[in-house]
């Protein structure tokens with residue numbers, strides 16, 4: 001008979017989990033593995049709520065297994081390190097993002113691209129090397145392989161820095177890989193949510209001209225005045241879109257709903273790049289003529305490797321970039337999920353685990 | 001009242017044109033402009049039959065302006081040069097491809113990318129700078145600005161070289177731009193027709209491993225034994241497709257019919273590139289998960305600029321690359337078009353214009 005989550009491992013843990021596709025979260029007792037010689041054990045202080053958490057708890061991608069403890073924007077403080085751990089000691093502030101394991105031997109792993117390893121292990125809802133299910137950061141503590149732990153810079157606030165561990169790296173990585181990261185570049189950002197708002201901040205720190213492309217007129221002032229975007233474009237306003245045709249070197253599209261990409265391709269200059277980081281659950285229509293006549297590309301990108309995630313956190317700390325957050329107690333998490341489904345948050349909920357998650 | 005085609009210009013010309021969307025071609029008397037200071041007058045010897053000719057003859061893209069004289073893969077000899085012409089002299093063998101004009105001032109033109117100029121003038125079915133229609137190579141002669149004329153290398157045969165002027169540059173340009181030239185890397189070529197067969201030859205010349213991806217099992221022997229492909233993958237064979245997952249660095253997709261992209265994307269490695277040069281008349285379905293999970297891309301490319309087209313011809317001459325052609329007479333053209341619509345040609349028809357076009 002399969003073990004229960006409480007019996008899987010020797011170290012008791014507790015958190016909140018979804019138990020079925022309703023996605024409703026409630027307290028769960030489970031367990032974490034022994035702190036191995038390369039492991040870091042830490043108390044969780046904060047955990048960001050990523051839209052992926054919502055997709056997963058509601059089984060919207062079709063591969064969730066329950067009970068599921070979400071959360072992959074986790075920040076805490078080290079309490080114990082294994083005998084071979086070199087980068088961390090007790091008391092250090094540490095972050096964990098979307099990955100907690102990979103094969104370590106393939107080309108991708110050798111190239112510091114653990115996120116593209118065919119055997120990468122996600123922070124929650126995945127099978128670990130020992131055959132047990134991984135559980136995420138809506139929980140009191142965690143044990144993670146040192147390789148997948150991120151050193152949190154001294155001057156980075158823990159709560160507002162947590163979302164960078166997924167939202168931040170998800171936009172930072174393609175900005176670097178596709179060369180959309182230096183002065184002279186005009187970057188379009190589709191969607192002003194958890195990912196989009198961080199992307200504006202990164203882009204401005206990189207000296208990039210930024211146009212936010214949104215379906216919500218209400219976000220204009222926010223985008224321009226508070227976040228520092230250079231321009232704001234309503235995607236359904238044909239005049240605005242027409243005026244901006246052929247002006248952007250690249251566009252990062254953070255929208256995960258199905259949406260037309262033809263207008264976005266039109267906004268690109270010749271040789272322009274449309275990079276999708278949101279993954280709609282159905283294929284999009286790809287008009288081929290505009291790609292051909294402008295030698296343009298449509299590409300995808302998925303989070304980033306661990307080394308790059310560290311680089312991104314250090315970059316953010318240097319430029320004082322954090323996410324705009326609404327801190328909530330764990331009891332509020334189901335309401336937060338409902339609000340998130342309606343994009344009613346500026347721009348990330350972060351759960352104050354340290355102060356509000358109590359064992360049932 | 002608008003002038004008729006044979007009265008627009010001072011030089012009489014003769015060719016075959018489509019007059020309506022049946023696409024049936026028949027003789028047409030028309031005219032060409034006077035040879036200007038920067039122009040070259042060319043007697044056309046051969047002209048390749050490109051699939052685009054068929055699309056335009058039948059108005060399948062919706063913008064055909066009849067009567068249309070197709071043909072943008074022509075080879076001929078120079079009969080006359082204007083006073084400012086520097087690159088050519090009378091008697092030389094030259095080619096004319098897909099474009100005969102551009103603005104010459106924009107960033108694209110200044111970077112030798114006339115094919116991306118917003119004011120590109122196509123060899124046929126376009127309007128020239130003087131407002132008159134352009135007519136293509138299914139005709140006896142043409143007058144072209146020297147900038148848009150290619151020098152034909154001595155050792156490149158006219159018949160086998162003509163199709164390079166569109167098919168050749170259409171695959172060569174993206175192979176260079178998207179970096180598909182690193183020896184030892186693995187290139188997939190989807191579709192084995194006019195473009196695909198040339199891509200195989202160029203891929204081998206670049207030192208790539210080449211796999212042809214096709215829906216027709218019958219083309220396997222041809223692909224491997226005659227064209228030199230390293231392997232052949234039939235898209236309807238699930239076991240073979242599965243075995244090839246994640247093995248290709250890049251794919252050139254020459255298929256112009258609507259077709260699924262997911263199987264092709266799955267064949268690519270991490271960071272793989274799928275470059276489409278075919279022109280389907282409807283959007284394709286693009287599944288996003290494979291792009292995101294493998295940091296893959298889908299890109300487009302459109303012929304090439306004049307400098308690169310010349311470079312391509314010289315490359316082909318150096319490596320002995322020509323198109324595989326079936327030479328036909330002008331009066332066979334309608335039959336050829338029917339066969340082309342069924343992909344019944346290995347791999348390009350080329351019209352022997354000089355020998356068979358008569359008034």
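Given axes a ≥ b ≥ c from the Cα gyration tensor, I'd like to know whether segment A:111-267 is rounded (a/c under 1.5), prolate (a/b larger than b/c) or oblate.
Details: a/c = 2.14, a/b = 1.91, b/c = 1.12.
Taking the square roots of the gyration eigenvalues as a ≥ b ≥ c, segment A:111-267 is prolate.
Nearest-5 percent of antiparallel DSSP beta bridges in chain B?
Working: 36 of 62 bridges.
Antiparallel bridges: around 60 percent, rounded to the nearest 5.
In deg cm²/dmol, rounded to 500, what helix-only [θ] at 222 nm does chain B give when every DSSP H run of at least 4 residues adds -39500 (n - 2.57) and the total is split over its residues?
So the helix-based figure for chain B works out to -6000 deg cm²/dmol.
Among B:348, B:295, A:58, which comes first, second and so on when ranked by fewest other beta-carbon atoms within 10 Å?
By the 10 Å Cβ count, ascending: A:58, B:295, B:348.
Between segment B:173-235 and segment B:293-359, what's the alpha-carbon centroid distance in Å?
Computed from Cα coordinates, the inter-centre distance equals 16 Å.
Please compute, for peptide B:108-121, the average count of beta-carbon atoms on other protein chains lying within 10 Å of each residue's beta-carbon.
Rounded to a whole number, the mean comes out at 1.
To the nearest Å, what is the center-to-center distance of segment B:1-41 and segment A:311-340, using C-alpha atoms only?
Comparing the Cα centres of segment B:1-41 and segment A:311-340, I get a distance of 68 Å.
Working from the alpha-carbon coordinates of segment B:232-359, get Rg over Rh, Rh being the Kirkwood radius.
Details: Rg = 18.8 Å, Rh = 17.7 Å.
With Rh from the inverse mean 1/r over Cα pairs, Rg/Rh is 1.06.
Could you compute the FRET efficiency for residue B:245 and residue B:343, with r as their C-beta to C-beta distance and R0 at 25 Å, rounded to 0.05?
For residue B:245 and residue B:343, the calculated efficiency is 0.40.
With a cut-off of 8 Å between alpha carbons and a minimum separation of six or more residues, what is the relative contact order of chain B in percent?
Relative contact order of chain B: 18 percent.
How many percent of all Cα-Cα pairs in segment A:1-61 sit more than 17 Å apart?
55 percent
Count, for each residue of A:275-284, the Cβ atoms from other chains sitting within 10 Å of its Cβ, then give me the mean as a whole number.
Working: counts 4, 5, 3, 2, 7, 5, 2, 3, 10, 7.
Mean partner shielding for this stretch: 5.
First check a/c for chain A, with a ≥ b ≥ c the square roots of the eigenvalues of its C-alpha gyration tensor; if it is under 1.5, answer rounded, and if not, answer prolate when a/b is larger than b/c or oblate otherwise.
On the way: a/c = 1.80, a/b = 1.69, b/c = 1.06.
Taking the square roots of the gyration eigenvalues as a ≥ b ≥ c, chain A is prolate.
For A:77, A:114, which order do you get if you count the other beta carbons within 10 Å of each Cβ and list the fewest first?
Sorted ascending by nearby Cβ count, the order is A:77, A:114.
Quick one: of the DSSP bridges fully inside the protein assembly as shown, what percent are antiparallel, nearest 5?
Antiparallel bridges: around 60 percent, rounded to the nearest 5.
Kirkwood hydrodynamic radius, the protein assembly as shown, all distinct C-alpha pairs: what's the number in Å?
28.1 Å is the Kirkwood radius here.
Taking 2.2 N^0.38 Å as the expected size of a compact globular protein, what ratio does the Cα radius of gyration of chain B give against it, to two decimals? All intermediate terms of the calculation are to be shown ahead of the outcome.
Details: Rg = 20.3 Å, N = 359, 2.2 N^0.38 = 20.6 Å.
Chain B yields a ratio of 0.99.
With all distinct Cα pairs included, what does the Kirkwood hydrodynamic radius of segment B:20-121 come out to in Å, to one decimal, could you say?
By the Kirkwood definition, the hydrodynamic radius is 15.6 Å.
If I take every Cα pair under 8 Å that is 6 or more residues apart in segment B:58-165, average their sequence separation and divide by the length, what percent do I get for the relative contact order?
Rounded, it is 33 percent for segment B:58-165.
Which order do B:134, B:123, A:309 fall in if you start with the one that has the fewest other Cβ atoms within 10 Å?
Values: B:134 22, B:123 26, A:309 29.
Ascending Cβ contact count within 10 Å gives the list B:134, B:123, A:309.
At each listed q (0.12, 0.23 Å⁻¹), what is the log10 of I(q)/I(0) that the Debye formula gives for segment A:215-309 modelled as equal alpha-carbon point scatterers?
Log10 I(q)/I(0), no solvent term: -0.44, -1.31.
Restricting things to Cα coordinates, could you compute the convex hull volume per residue of segment B:68-136 in Å³? Walk me through the intermediate numbers first.
Values: hull volume 7.7 nm³, N = 69.
Dividing the Cα hull volume of segment B:68-136 by its residues yields 111 Å³.
Given the options A:205, A:17, A:299, state which has the largest fluctuation in a GNM of chain A using a 10 Å cut-off (strictly under) for Cα springs.
Of A:205, A:17, A:299, the Gaussian network model singles out A:299 as fluctuating most.
Have a look at B:47, B:316, B:11 and tell me which one the Gaussian network model of chain B (Cα, springs below 10 Å) gives the largest fluctuation.
The residue that fluctuates most here is B:11.
Given q = 0.16 Å⁻¹, what are the Debye log10 I(q)/I(0) values for segment A:34-116, with equal point scatterers placed on the Cα positions and solvent ignored?
Those come out to -0.82, one per q.
If you average the alpha carbon positions of segment A:1-31 and of segment A:173-212, how far apart do those two centres end up, in angstrom?
38 Å
Antiparallel as a % of all DSSP beta bridges within chain A, to the nearest 5? Walk me through the numbers on the way to the answer.
Details: 34 of 60 bridges.
Counting DSSP beta bridges with both partners in chain A, the antiparallel share is about 55 percent.
Between residue B:111 and residue B:218, what is 0.36 nm times their sequence separation minus the Cα-Cα distance? Round to one decimal in nm.
Net length gain for the segment: 34.3 nm.
For chain A, what does the relative contact order come out to in percent, with C-alpha contacts under 8 Å and a separation of six or more?
The normalised contact order for chain A reaches 18 percent.
A short reminder: the numbers here are calculations on the coordinates, not readings from a lab. Keep in mind that what you see is a predicted model, and the values were worked out from it rather than measured. Cβ atoms come from the backbone with ideal geometry, glycine included; neighbour counts cover every protein chain shown.
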